[in-house]
Each structure stands twice: as C-alpha cells, then as structure tokens.
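The values are calculated or read from the model by the stated rules, or taken from the named source; none is laboratory data. This structure is a prediction, so every number in the text was calculated from the model and none was measured. Positions of Cβ are backbone-derived with ideal geometry, glycine not excepted, and every protein chain shown enters the neighbour counts. These accessible areas exclude ligands, DNA and RNA; they are computed on the full protein's heavy atoms, side chains included. Shrake-Rupley method; radii C 1.70, N 1.55, O 1.52, S 1.80 Å.
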Amino acid sequence: MIGTLGRSHVIHAGIILTATGVSRCIEVEAYATLTLLPRVVSIGAAVAVEVPVVAQACGLGAVGAVEDVEVRVWGRGLYYSSPALGEILGRLVSDAYANEGSVTVNSLSDRIWGVETAIASLEGSTVVIEDSTMPLYDLSGLWAVAIRLGRPLDEERLVETVYSNIGLLEAAAYDNIDDPVALVDTLGEKVATLSGIKRLQRIRNTLMKLDALAVGVDLYGRHVIAIVEDAETAYILSAESRELGDRVEAPIVIPGA
C-alpha cells in the first residue's frame, strides 16, 4: 500500500498524553533508524529496527502569553541511529505539542532530507517516493544487526559520494523497489564502490561471509546495518563482528506490524 506524504502527512506513532496541574506532556515512541538514501530529489530510504527511542515535549506552565516547553529525546536506539534522528524527533514532538498531539512532517518542510528518517523511525522501514510513502513490507520477519563502528567512516567522503552520484543511486533504488533486501544491499554496495572507501568494502565482505542477506551503510558513516534471516543468525553475526564496534540485534520494524 502506498500512502500520500505531502506536507501534512500524519505520522501514526505511539503518542502518550499526560497532564498534571498546569503542565502537559506529549511523548512519542519511536525506533532506531538508519538512513540509506536521503530524499534529495525523488526517492529516499531508511530502515528501522526495534530498539526504542522516546521523544517528549513538556509544557512547564505559561509565563504571560508564552509557554515554556522542554523537549527531550532519549533511549538506547539513539546510539544506533543516524546522528540527525534526535534533532528530527525533537522538532517533530515540539510540532506535535503545538498541534494537540497531531504528528506531521510539517516541521521538516525546509529539510527534506529528514523525511524518510522521521517516517521510518515512527512508522517503520519505509521508502519515500516524491510525495508518497512505500512501506518495506518484504522485510517483515527479518532481523538486523546495527553496528556503531568503533572507528567511524569518512562522513564527508560518504556524503559527497551520495550527493554527487544521486542519480545513479536513485536509479538503483527504483530498480530494486520490489525487493527491499536487494535495495538495501545494492545501495550499500554502490556507496562502498563509488566512495572508494576500502575499509567499508572490507566490512561489507566480512558481514556477507557471516550470512548477512544485505549490508547497508548509514549516510553519516558511524553505522552499518546487516540484514539477516532470523534471530539466531543475528546473534551469531553480532558476536563474530564484535571487533567492528558496539552492536545491537533486533527485528526490523515494518509499518503496521
């Protein structure tokens, strides 16, 4: 099923509203998310894993006509997510507080690269195409090992690679849109090859030999993600790749699942 995005897209998230005296809080439950392809022109992709992130906005009472609102984002999932996720969720929950709990992508209207990250974190693994969303349902039942690299990859080189080859990467994404596992792996392989980062190529080869079905790299270079068949394979791959950095094993989150 393809959903309409647009600037008023309502995100279906776990929203908790509480009130004590004059204070009021809105809390949004989200997931760790890695951005494989930013929607710079027409298509973006992000994968979410079942490791929690929580964003909260609390009103601390009004001073005159102005209410003081405190925004916090926390959770283990932040450690295994794209670095931009905390700021993105903070802006979204602040927007939700101002709109009585309605979470939309309006607050990202001037930063289109964050749309796929926000929607995947709140709804599940998703591809954003133009003004539509396409859940990656075929990842259902699979597990992931998200690895926070002990030594990050060259972020500037990765970003430059993605932006200077966006047409080629978008074409690869469209070619594999009906096979999300191939989509993740093709994007990962092309970024590794185009960037010329030998360490990334070695990491991919190592994880594929450990029975990964696909290996993707986050745009910011601090994380890689290995998609595997089941929990047992995830735990084995995680243990065997501990020299790469900190790892977390978890099911892939799918919208509506």
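Some observations on this one:
- Inter-probe distance in nm under a simple model that places probes 7 Å from Cα toward Cβ, at V69 and Y174: 3.8
- Annotation: the stretch 122-257 has a Kirkwood hydrodynamic radius of 15.2 angstrom, from the mean reciprocal C-alpha pair distance.
- Residues whose amide H falls under 5 Å from that of L149, counting only those 5 or more places apart or on a different chain, are H223, V224, with hydrogens built in the peptide plane.
- Bins of 10 Å, starting at 0 and running to the largest distance - Cα pair percent for the stretch 172-244: 20, 52, 26, 2
- Extension gain, Y235 back to S164 (0.36 nm per residue minus Cα-Cα distance, nm): 21.9 nm
- Among the GluC sites (Glu not before Pro) within the stretch 194-255, those in coil by DSSP and having at most 16 neighbouring Cβ atoms inside 10 Å are E229.
- V217 accessible area, assembled protein chains, probe 1.4 Å, Å²: 10
- For S81, the accessible area of its heavy atoms, probed at 1.4 Å with every protein chain present, is near 0 square angstrom.
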